[in-house]
Amino acid sequence: MQFDALSTPALMLDRNILLRNVAAMSARMKENGVALRPHLKTSKSADVARLATNGHSGAITVSTLAEAAYFLGKGFTDITYAVGFVPSKAPQAAALIAQGAKLNLVTDSLAAAQAMTAIEGDAVFPMLVEIDCGDNRAGVLADGPELLDIAQAIHEATNMELVGVMTHAGHSYGASNIAGVKAIAEDERSAVVHAATRLRNAGLPCPIVSAGSTPTAMYAEHFEGLTEMRPGVYMFQDLTQLSRGVCQRGDLALSVLASVIGHNRHAGHILLDSGALALSKDIGANAAWPDTGYGDVCDLTMQPFEGLYVSQVSQEHGIVPISDDSAFSRIPVGSKVRIAPNHACITAAAYSSYNIVEGDRVVDEWDRVNGW
């Protein structure tokens with residue numbers, strides 16, 4: 001199928017770039033003797049998951065229980081739900097366990113762990129204690145007293161199993177250079193390994209020592225003490241990663257196909273049919289590249305039009321300012337462009353499927369799961 005046959009906005013995924021990206025991460029983890037448990041919150045697609053887990057155990061990470069149910073239905077059974085767990089979600093988790101899932105859950109709350117002991121039923125919930133390695137979003141400190149208190153409560157419960165510790169260096173996305181990423185990667189590794197050592201020294205089990213973000217997985221200088229990594233956006237990459245030097249432009253696998261729906265000559269801009277809902281309002285690359293707006297405007301081969309980007313969005317409109325009137329003739333009304341997004345995860349979340357691209361053709365359509 002030619003691109004012109006697609007209704008826009010449309011989510012485009014370049015299969016060959018995806019294959020290169022997943023192969024590179026797979027090789028890096030194998031070389032370093034670390035298990036790969038890819039985070040599928042970016043793709044939310046079984047077709048992508050099969051490629052990302054090829055040659056590995058098949059273990060995956062998800063961000064919603066809806067994702068867990070979807071992937072379980074596609075044959076993936078070893079799943080970590082990497083969001084703080086609360087007892088009110090226990091019936092959903094128990095149902096997945098009853099269907100054959102090995103579903104690791106995460107907590108950083110003693111109150112939640114204690115409340116879990118009152119959950120009735122046959123399910124035994126595998127639990128990871130979350131460690132804050134500097135991101136300051138969630139987790140207990142590796143040196144803090146809460147770690148042992150939570151771990152002990154889980155270990156003593158009859159309906160929970162302490163399976164280890166996990167952390168996420170989300171702040172690595174804010175690093176301005178690779179040296180900064182490497183420093184954060186060491187903070188991530190050392191924090192979660194220290195937490196694991198404390199558990200073991202206290203006589204508590206800790207088989208899983210889990211870390212991971214795309215930047216730290218790609219640039220950590222070593223992985224000593226870790227059992228697994230959970231990177232996710234590396235499969236697609238995006239402008240935020242590109243702006244930090246984490247990837248190259250040729251690694252951008254995801255784009256949005258948009259139609260030119262207007263020329264506003266008196267205001268000096270081109271209008272696209274891809275606005276906030278199609279692109280998201282994430283502007284993560286702008287910290288490094290202010291003239292990125294909501295995404296780079298590219299031709300159908302993903303070559304950027306110099307100086308053209310989506311500067312403003314309303315719900316269904318994207319505005320591309322121009323400084324040279326020749327852009328009106330180069331990009332006429334009715335033509336199509338591709339937009340490289342700031343944040344692949346948030347952009348992809350607006351769509352129910354991927355148009356799989358090889359060269360200048362759409363060769364397949366892959367589904368994805370949304371919702372919670």
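All other residues whose Cβ lies under 11 angstrom from that of residue 133 are scored, Lys and Arg at +1 and Asp and Glu at -1, for a net of -4.
Tell me, how many Å apart are the Cα centres for region 251-283 and for region 191-224? Cα centroid of region 251-283 versus Cα centroid of region 191-224: 42 Å apart. For the residue pairs 30/102; 74/102; 44/74, the alpha carbons lie more than 20 Å apart in 30/102.
What's the longest piece of the chain with no exposed GluC sites (Glu not before Pro), counting a site as exposed if DSSP puts it in a loop and it has at most 15 other beta carbons within 10 Å?
It runs 1-119.
Across region 351-358, coupling constants 3J(HN,Hα) worked out from phi with the 6.51/-1.76/1.60 Karplus curve, θ = phi - 60°, read 10, 9, 7, 10, 8, 8, 10, 10 Hz, and Gly and Pro carry x. Of the trypsin sites (Lys or Arg not before Pro) found in region 98-204, those in coil by DSSP whose Cβ has at most 14 other Cβ atoms within 10 Å are 137.
Rounded to whole Å, the principal axis extents of the Cα atoms in region 32-234 read 49, 42, 26, largest first. The mean sequence distance of close C-alpha pairs (under 8 Å, at least 6 residues apart), as a share of the length of region 32-234, puts its relative contact order at 19 percent. Coupling constants for region 289-305 follow from the phi torsions by the Karplus curve (6.51 cos²θ - 1.76 cosθ + 1.60, θ = phi - 60°), and in residue order they are 10, x, 8, 10, x, 9, x, 6, 8, 10, 7, 6, 9, 6, 7, x, 6 Hz; glycine and proline get x. Residues 3, 76, ranked from the fewest to the most other C-beta atoms within 10 Å, line up as 3, 76. With N as its number of residues, region 1-70 has a Cα radius of gyration that, divided by 2.2 N^0.38 Å, comes to 1.31.
In degrees from 0 to 90, rounded to the nearest 10, what is the angle of the helix 15-31 Cα long axis to the longest principal axis of the chain? The two axes meet at around 30 degrees. Net length available on complete extension from residue 370 to residue 161 is 72.3 nm, with 0.36 nm assigned per residue and the Cα-Cα distance removed.
Shown is the FRET efficiency for residue 329 and residue 183, computed with R0 = 51 Å from the Cβ-Cβ distance and rounded to the nearest 0.05: 0.55. Look at the alpha carbon pairs under 8 Å that are at least 6 residues apart: their mean separation over the length of the chain gives a relative contact order of 20 percent.
Round to the nearest 0.05 the FRET efficiency obtained for residue 350 and residue 136 when R0 = 30 Å and r is the Cβ-Cβ distance. Spell out each step's value before the answer.
On the way: r = 28 Å, r/R0 = 0.95.
Approximately 0.60, to the nearest 0.05.
By the beta-carbon count within 10 Å of each Cβ, the least crowded to most crowded order of 70, 351, 294, fewest first, is 351, 70, 294. Using θ = phi - 60° in the Karplus curve 6.51 cos²θ - 1.76 cosθ + 1.60, the 3J(HN,Hα) couplings for region 72-83 round to 4, x, 9, x, 8, 10, 9, 10, 9, 8, 8, 9 Hz; x is entered for Gly and Pro. For the pair residue 200 and residue 264 in one chain, pulling the backbone fully straight at 0.36 nm per residue adds 16.5 nm over the alpha carbon distance.
Recomputing volume of the Cα convex hull per residue in Å³ from the coordinates shown identifies the correct label among [x] 153; [y] 143; [z] 128 as [z].
Give, in nm to one decimal, the length gained when the segment between residue 176 and residue 27 is fully stretched (0.36 nm per residue of separation minus the Cα-Cα distance).
Details: separation 149, 0.36 × 149 = 53.64 nm, distance 2.57 nm.
Length difference between fully extended and current span is 51.1 nm.
Look at the dipole of region 32-234 built from charges on Cβ: of 229, 158, 207, the Cα furthest out on the positive end belongs to 229.
Values in this text are rule-based calculations from the coordinates and carry no lab data. Bear in mind that the values here come from a model prediction, so they are computed numbers and not experimental data. Cβ: placed from backbone, ideal geometry, glycine included. Neighbour counts: every protein chain shown.
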